[in-house]
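The values are calculated or read from the model by the stated rules, or taken from the named source; none is laboratory data. Since this is a predicted model, take the numbers as computed values, not measurements. No Cβ is skipped: glycine too gets one built from the backbone with ideal geometry, and neighbour counts run over all protein chains shown.
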Amino acid sequence: MGPKVAVYKYPFDIEPSFQIEMLAPAEILHVDVQYGRPCMWVMVWPEAESSILREFVVYGTGQTWQQTDNIVHHGTVLLPGASVTYVWHVFEIQPWRAIKRLLTKSRKPEPEPEEVA
């Protein structure tokens, strides 16, 4: 029988960027609004002995930003305002993705071994 897992809810505020400390490992399952507050639901291993600070950025529909390889979209949040519904897109910054791409691109292929006669 494998380890026990649970789904935890992490509320957050719509800010240009924010951080959430989560148990590690953790898998983000869903991003939505509950009772007027943006939240993300995350599958965690409650018996985990470590945690990690994860960093997120939020962009509104139509907003521009610099293209980068190190962000992953986790969900879209609809928040009603006084006269309009605001649509926010939640991304996680994952610096290791950019580092991994750089390492993969810079790695030179190994030369073929020469046959000795």
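Scanning the range 43-77 for residues that are part of a strand (DSSP E or B), hydrophobic (A, V, I, L, M, F, W, C) and closer than 16 Å to I93 by Cβ yields I52, L53, F56, V57, V58, I71, V72.
Name the single residue, out of those in the range 21-32 being at pLDDT 95 or above and of a type in the set (A, V, I, L, M), that is surrounded by the fewest Cβ atoms within 10 Å (Cβ to Cβ). Here the answer is L29.
So which residues in the range 51-73 are under 14 Å from the mean Cα position of the chain (by Cα) and under 14 Å from I14 (Cβ atoms)? Matches in the range 51-73: F56, V57, V58, Y59.
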